[in-house]
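The values are calculated or read from the model by the stated rules, or taken from the named source; none is laboratory data. Because the structure is predicted, anything quoted here is derived from the model rather than measured. Glycine gets a Cβ as well: all are built from the backbone with ideal geometry, and neighbour counts include every protein chain shown. To get the accessible areas, we keep the full protein, side chains included, count just its heavy atoms, and leave off ligands, DNA and RNA. Shrake-Rupley method; radii C 1.70, N 1.55, O 1.52, S 1.80 Å.
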Amino acid sequence: MQKGEMYVGWSTKEDVRKRGGSGGLVTSMLAAALEKKLVDAVVVLKKINEFEAVPIITSDVNEVLNSAGSLHSVPSNFAKLIADRNLKVALPAKGCDTRAIIEQGKRNAINLDNTYIVGLNCGGSMHPVVTREMLEVMYKIKPEDVHGEEIEKGKLIFETKDGKEHAITIDELEEKGYGRRESCRYCTIKVPNNSDIACGNWGVTGDLAGKATFVEINSDKGAKLLQNAVDAGYVQVQKPDEKGVAMRAKIKGVMEDLGKKWKAKIFVPMDNRLEFFRKELENCIDCGACKTVCPTCSCGEVSKCTEFHMRGDAYKMSMYHLVRFTHLADACIGCGQCSDVCPVDIPLTRLYMMFANPIQEQLKYEPGMDMRKPPYFEVKLND
Amino acid sequence: MSTDAKSNPSNGWEPKIVAFCCNWCSYGGADSAGMGRFQQPASARIIRVMCSGRIDPLHVFNAFLEGADAVLVTGCHIGDCHYVNGNDKTKIKYKYLENVVRELGIEKERLQLNWISASEGEKFANFIRDVTAQIKKIGPSPLKPEGVV
Ligand SMILES: Cc1cc2nc3c(=O)[nH]c(=O)nc-3n(C[C@H](O)[C@H](O)[C@H](O)COP(=O)(O)OP(=O)(O)OC[C@H]3O[C@@H](n4cnc5c(N)ncnc54)[C@H](O)[C@@H]3O)c2cc1C
Ligand code: SF4
Ligand code: SF4
Ligand code: SF4
Ligand code: FES
């Protein structure tokens, strides 16, 4: 097995395959890495209910096997969890997790040589609180009655405990302000080729559809991970058919274009920007949650921005945010974490991206997509 | 006093301009401007740093939030930095700083970068005079706190 190859595969453990997001391959591959001591620990989600889960670091193979399944309303980001711990670790990672892990690697907070990034294709995730409200308002069902959820042909389908299915198109949901988080709508990393191995359900055809995982090996580490799982008898793979490969490429392209369209729609030129920013930030209570959660920031608890958590003076802008707007201009990956946690619902990701977009475009720098040094850390830039 | 009245040049409103000057060049430039008796307005508040590379975007934000109508970042000509490449780093930081200030919607006249050597007293004086005239035209900074003139 080597970089560039594609496979379709599944878990050899029947229950893992059944519970898995597609073929349970990711879970089994992570478990095999732990079992065969390729890594000392694995990060997985521990489910609380249909909408909530907490990421855990574990060395227990059973705990890993229990984690099978995709949770679309758990918009967590794993990068900070493994930062500054010097772990030999394997973990699942959506596009935004992967980008953040790489940026942490550049800041010496994660040793990428010891980190196996299992990429998950990602069409988007939802905020758990918004999801609950959406179920009541749009689907007219009680969140507690939900038993399962899936996305098929542009529809978000919830299954209730009575066995009924409830489907609404994602377009309609998003028109009403529900559905995917705003940042996911304009995210263009749909297949994380920046990870070691990219896994998803796109491209699985025929009888296997929904029962197998499509993988693309992006690095030597990715090849090692998959080979190890096959050798250990945890997963089975076969070559994908041409139709599947083409289908996957097509969906990827369509989704990326859709992301670009959303981006153009959301980031429109604007007058009275100062008034806009002041209005948006006027309710900030300086709790610092947006900094704590930011997965590309590797500063400690006390850092330059946190020195300015005060509003005693008559300053017309938050110094805390001004410092962060500057520091994140080349690092912000638009992961949505800051907006998710803000207790006063400031659309922070949009604000941060308004400062990040122009710098990243001008310097042709895409954070978390490769190992290029952040321009802010350079001594000299070529004009 | 309304903003209009304040910004009306005939009322004699003098903008406050904070100029960060490098010890080895533009600070000397400011000095030789004085010694050469070049006419310059009283608008500039000069802050000396040991190298333009010491200027943190934070210092510039602070100047604006405390009431500066314009902030100038100045240093040695590229290649002449006393500490080899401090001003190359200034260029990078300035790019990021400028981006934040522009995206915030602050007029471009209010933040300017210039390389001025110790012997360029006249250039320094002209720079301050030009910026002062530009700022008099556009009036006080929208970031100026209430009650500060
Ligand atoms: C939010 C989200 C959106 C997705 N959208 C697409 C898509 O549009 N197209 C596509 O081809 N594939 C998508 N996937 C990937 C797909 O659903 C499967 O996860 C993938 O095919 C692997 O399946 P599996 O059965 O091998 O994984 P499993 O064996 O089920 O393992 C999944 C692993 O992912 C972890 N995990 C579950 N939810 C999350 C989460 N929210 N964030 C981080 N880790 C998580 C679990 O802990 C587990 O370790 C998405 C996944 C997620 C989480
Ligand atoms: S930001 Fe992108 S990668 Fe992250 S959850 Fe949203 S769509 Fe997925
Ligand atoms: S600023 Fe917000 S969107 Fe950008 S990387 Fe940090 S948490 Fe993510
Ligand atoms: S999370 Fe919200 S309230 Fe808290 S510091 Fe950030 S912007 Fe302010
Ligand atoms: S010493 Fe003047 S810019 Fe560095």
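Values for this structure:
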quantity: Subset tally (residues that are open to solvent by 60 Å² or more (accessible area, probe 1.4 Å) and either basic (Lys, Arg) or within 8 Å of chain A (Cβ to nearest Cβ) (or both)) for the stretch B:73-110; calculated: 4
quantity: Residue selected from the stretch A:185-212 under the condition of a type in the set (S, T, N, Q) and within 20 Å of A:Gly154 (Cα to Cα), by the criterion nearest to ligand 2 (Cβ to nearest atom); calculated: A:Thr188
quantity: Some residue of the stretch B:115-137 being under 21 Å from B:Ser43 (Cα atoms), in contact (Cβ under 8 Å) with a residue 24 or more places away in the chain and within 14 Å of another protein chain (Cβ to nearest Cβ); calculated: no
quantity: Candidate set: the stretch A:168-197, residues that are touching a residue at least 60 places away in the same chain (Cβ under 8 Å) and open to solvent by 50 Å² or more (accessible area, probe 1.4 Å); chosen: the one farthest from ligand 1 (Cβ to nearest atom); calculated: A:Glu182
quantity: Residue within the stretch A:35-44 that is more than 16 Å from ligand 5 (Cβ to nearest atom), in contact (Cβ under 8 Å) with a residue 60 or more places away in the chain, within 20 Å of A:Leu225 (Cβ to Cβ) and open to solvent by less than 20 Å² (accessible area, probe 1.4 Å) present; calculated: yes
quantity: Pick from the stretch A:294-315, criterion farther than 16 Å from A:Leu351 by Cβ and within 11 Å of chain B (Cβ to nearest Cβ), ranking: modelled with the lowest pLDDT; calculated: A:Asp313
quantity: Where a residue in the stretch A:230-241 is touching a residue at least 40 places away in the same chain (Cβ under 8 Å) and its partner, wherever it lies, is open to solvent by 70 Å² or more (accessible area, probe 1.4 Å) and assigned to a loop (DSSP other than H, G, I, E, B), with Cβ under 7 Å and at least six apart; calculated: A:Ala232/A:Lys36
quantity: Residue match in the stretch A:350-372 (condition: over 23 Å from A:Leu112 (Cα atoms) and either in contact with a His (Cβ under 7 Å, 6 or more places away or on another chain) or not assigned by TED's automatic domain parsing to the domain that holds A:Glu280 (or both)); calculated: no
quantity: Of the criteria (1) part of a loop (DSSP other than H, G, I, E, B); (2) within 9 Å of ligand 1 (Cβ to nearest atom); (3) at pLDDT 95 or above, which one A:Gly69 fails; calculated: (3)
quantity: Tabulated pairs, the stretch A:361-383, first more than 10 Å from chain B (Cβ to nearest Cβ), second open to solvent by 100 Å² or more (accessible area, probe 1.4 Å), C-beta under 8 angstrom, 6+ apart or interchain; calculated: none
quantity: Condition check for B:Gly67: surrounded by 16 or more Cβ atoms within 10 Å (Cβ to Cβ), within 11 Å of chain A (Cβ to nearest Cβ) and among the small types (Gly, Ala, Ser); calculated: yes
quantity: Any hit, the stretch A:258-267, residues being surrounded by fewer than 17 Cβ atoms within 10 Å (Cβ to Cβ), in contact with a Leu (Cβ under 8 Å, 6 or more places away or on another chain) and within 14 Å of another protein chain (Cβ to nearest Cβ); calculated: no
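Quick grid of which residues meet (1) surrounded by 23 or more Cβ atoms within 10 Å (Cβ to Cβ); (2) within 14 Å of chain B (Cβ to nearest Cβ); (3) free of Cβ contacts under 8 Å to residues at least 24 places away in the same chain:
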{"position": "A:Cys332", "(1), (2), (3)": "yes, yes, no"}
{"position": "A:Cys335", "(1), (2), (3)": "yes, no, no"}
{"position": "A:Val341", "(1), (2), (3)": "no, no, no"}
{"position": "A:Arg350", "(1), (2), (3)": "no, yes, no"}
